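For reference, the structure is listed below as structure tokens.
The values are calculated or read from the model by the stated rules, or taken from the named source; none is laboratory data. Every value quoted in this text rests on a predicted model; they were computed, and no experiment measured them. In this analysis, Cβ positions are derived from the backbone assuming ideal geometry, glycine residues included, and neighbour counts consider all displayed protein chains. These area figures cover heavy atoms from the full protein model, side chains too; ligands, DNA and RNA do not enter into them. Shrake-Rupley method; radii C 1.70, N 1.55, O 1.52, S 1.80 Å.
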There are 2 protein chains.
Amino acid sequence: MSSNLPYTSTMTEPTVLPAAATPDRLMDQLARAAAAYYRQFAAMAAESGLTLMQGKTLSLLREPKSMRSLAELLACDASNITGIVDRLETRGLVRREVSPADRRIKNVLLTEEGERAVRRIRARVSAGLTGLERLSAEERSSLQDLLDRVFPDAAG
Amino acid sequence: MSSNLPYTSTMTEPTVLPAAATPDRLMDQLARAAAAYYRQFAAMAAESGLTLMQGKTLSLLREPKSMRSLAELLACDASNITGIVDRLETRGLVRREVSPADRRIKNVLLTEEGERAVRRIRARVSAGLTGLERLSAEERSSLQDLLDRVFPDAAG
DNA sequence: CTAGATGGTTGATGTCTTCAAGCAATAGGT
DNA sequence: ACCTATTGCTTGAAGACATCAACCATCTAG
């Protein structure tokens, strides 16, 4: 819906799709959105001296998670998480805690400083996504709803 | 600033958003969408024996681009591109061509095989984003429009 | 023509990524 | 209880990526 409303609109329908067909274009747009989001996120993480993966890992730790579940959420090998958590732990942003129920499991949880880092990054990313201000509250709600359906919790 | 709106709000404010507030939740949803998209993209690139960065680089080469502009589009150091293009070139997916106008510039362009790889990955990513099928044509168009406004071409 | 800016490469260092191998602890079947 | 998987995590090796500083080649401007 932009500057090309057809002249022949006699129906009550949205009358015709925007402009160019939306088959591939939507995918391109998704790619752009994803790239823009991560660019912003990585930049804000970098301001706190963190890499993208470190930032993503911290952001997942609203509540403690085992190494394994972190690996699944981050879609990478478990051995990878060992190194990432090692580095976060060295910086005092995170600590490991052996699960009393199953002593194989190590739960990772944020330290005070880790929580501050998460809040800081979140706030900055949010503030940096200025494009969202171009949408009305209604439109934002609509966008969230659409994304929610395309990428549900257990997204693929 | 969050869950402490005073009960004494007698103003004509937007009275309250739909259900759960959409301030942070939209950001979370964007994060999920971006993660899901890249997870899918990386998996499909991997099927062609390519890394995420290699796949992203190839996908940018609908038309030839200089090393420098690739670096800007991928938001990384130029020296990084040297290595990535080296590896793509070794596999015969890409080749460098010195610009006749300015002999400092090297334009990178897809080989035949490179184009096939791009088409293959694109098709599989598209097919893999099954969530899109849950939207009507109208909704897809709406989603594209919203994303277009939040993340325009020169997105930040 | 000299000084400076720009495009690209190289090398060093640290982080991420994957795989194979290994150890510790748990779960299941007998 | 016992033996055998299975599961959770770590380690080590090899490759890819990221960032920085230094470098050469080429172009641009004065």
Seminar exercise, completed: For A:LEU70, the lone unmet condition from (1) within 15 Å of DNA strand D (Cβ to nearest atom); (2) within 13 Å of chain B (Cβ to nearest Cβ) is (2)
For this session: Scan the stretch A:25-47 and give yes if some residue there is more than 7 Å from chain B (Cβ to nearest Cβ), of a type outside the set (D, E, K, R) and assigned to a loop (DSSP other than H, G, I, E, B), otherwise no.
Result: no
Seminar exercise, completed: Of the conditions (1) closer than 15 Å to B:ALA31 by Cα; (2) away from DNA strand C (no atom under 16 Å from the Cβ); (3) open to solvent by less than 80 Å² (accessible area, probe 1.4 Å), the single one that A:ALA34 does not satisfy is (2)
Exercise. Just a yes or no: is a residue in the stretch B:115-136 farther than 30 Å from A:LEU147 by Cβ and either free of Cβ contacts under 8 Å to residues at least 24 places away in the same chain or β-branched (Val, Ile, Thr) (or both)?
Worked result: yes
Exercise. Out of B:ARG116, B:ARG124, B:ARG104, B:ARG149, which single residue is basic (Lys, Arg), away from chain A (no Cβ under 14 Å) and assigned to a helix (DSSP H, G or I)?
Worked result: B:ARG116
For this session: Six or more apart or on different chains, Cβ under 6 Å: which pairs go from a residue in the stretch A:21-41 that's farther than 18 Å from A:PHE151 by Cβ to one that's in a loop (DSSP other than H, G, I, E, B) and modelled with pLDDT of 95 or more? Could you list them?
Result: A:ARG39/B:ALA75
Exercise. Within the stretch B:11-30, is there a residue that is open to solvent by less than 80 Å² (accessible area, probe 1.4 Å), modelled with pLDDT under 95, among the β-branched types (Val, Ile, Thr) and away from DNA strand D (no atom under 14 Å from the Cβ)?
Worked result: yes
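For (1) more than 8 Å from DNA strand C (Cβ to nearest atom); (2) closer than 26 Å to B:ALA75 by Cβ; (3) assigned to a helix (DSSP H, G or I); (4) open to solvent by less than 70 Å² (accessible area, probe 1.4 Å), each residue gets a yes or a no:
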{"position": "A:MET53", "(1), (2), (3), (4)": "no, yes, yes, yes"}
{"position": "A:LEU70", "(1), (2), (3), (4)": "yes, yes, yes, yes"}
{"position": "A:CYS76", "(1), (2), (3), (4)": "no, yes, no, yes"}
{"position": "A:ILE81", "(1), (2), (3), (4)": "yes, yes, yes, yes"}
Exercise. Is there a residue in the stretch A:137-155 that is exposed (fewer than 11 other Cβ atoms within 10 Å of the Cβ), free of Cβ contacts under 8 Å to residues at least 12 places away in the same chain, farther than 19 Å from B:ALA33 by Cα and not aliphatic (A, V, I, L, M)?
Worked result: no
Exercise. Taking the stretch A:83-116, which residues are within 8 Å of DNA strand C (Cβ to nearest atom), over 18 Å from A:GLU63 (Cα atoms) and either open to solvent by less than 30 Å² (accessible area, probe 1.4 Å) or hydroxyl-bearing (Ser, Thr, Tyr) (or both)?
Worked result: A:GLY83
